Amino acid sequence: MEKSIVAGRLAASRALAGRKVLLLDADPRQRALAQASTMHCGGMHSSVSQPRLMARAISAKGLQPELEHLVSCYHDIVIDSEGRDSMGSRSALAAARVLVVALDGAADAAAQESLVHRIARARSVNPALRVLLVTTMDSNAVHALAEHIPAASVVGFGQLYCAVFDTHHRAA
């Protein structure tokens, strides 16, 4: 499942739970923004004046300072950043409480090694970062990847919402 879809669905689910949610799309492809627009037109707001789900694009350069301002304005902020190493994804990882990595196919060894290094680098500035590896399959490869990422949890898409937002949930 594509990361932008995951970001959009998490934001929408949280908004439906009555939270004031901001979906920031820091990926140049802006697929999460397009998805949020579709959700908004489909009734994801309680009224014109008080939408529960706001979405907007943001540049990598503006992400960190903007987050400092926005954190007091919203209950939850969901960020869809590039899946590759970039200034935007580094800024998102530095500010995030939870990193969700959607794995629905087999990644090559080089891509997995790069992911492990990016997470280690992010945790050097954000040691409380929680990592959730989300998959549609229960494969040995996903669990093997989790072993290389300290304190990473593997969860199915059905458990993702609870794993991200319920602090008492312990992913298996």
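The values are calculated or read from the model by the stated rules, or taken from the named source; none is laboratory data. Since the structure is predicted, the reported quantities are computational estimates derived from the model, not experimental observations. Ideal geometry is used to build each Cβ from the backbone, glycine not excepted, and the neighbour counts take in all protein chains shown. Surface accessibility is based on the protein's heavy atoms, side chains included, excluding ligands, DNA and RNA. Shrake-Rupley method; radii C 1.70, N 1.55, O 1.52, S 1.80 Å.
Computed quantities for the displayed model
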| item | result |
| --- | --- |
| Unmet requirement for SER86, which otherwise passes all of (1) modelled with pLDDT under 90; (2) under 25 Å from GLY156 (Cβ atoms) | (2) |
| Residues located in the range 15-56, provided they are within 23 Å of ALA95 (Cα to Cα), at pLDDT 85 or above and of a type in the set (Gly, Ala, Ser) | ALA15, ALA26, ALA55 |
| Flag for ALA110 being surrounded by 15 or more Cβ atoms within 10 Å (Cβ to Cβ) and either modelled with pLDDT under 90 or in contact with a Pro (Cβ under 8 Å, 6 or more places away or on another chain) (or both) | no |
| Identity of the residue in the range 49-77, in a loop (DSSP other than H, G, I, E, B) and among the aliphatic types (A, V, I, L, M), that ends up most open to solvent (accessible area, probe 1.4 Å) | VAL71 |
| Cβ-Cβ under 7 Å pairs, at least 6 apart or on other chains, the range 119-142 side more than 12 Å from LEU103 (Cβ to Cβ), far side charged (D, E, K, R) and open to solvent by less than 60 Å² (accessible area, probe 1.4 Å) | LEU129/ARG123 |
| Residues that are surrounded by 20 or more Cβ atoms within 10 Å (Cβ to Cβ) and among the β-branched types (Val, Ile, Thr), drawn from the range 78-99 | VAL78, ILE79 |
| Yes/no for ASP104 being open to solvent by 20 Å² or more (accessible area, probe 1.4 Å) and touching a residue at least 60 places away in the same chain (Cβ under 8 Å) | yes |
| Positions within the range 131-143 being surrounded by fewer than 18 Cβ atoms within 10 Å (Cβ to Cβ) and touching a helix residue (DSSP H, G or I) at 6+ places or on another chain (Cβ under 9 Å), in sequence order | THR136, ALA141 |
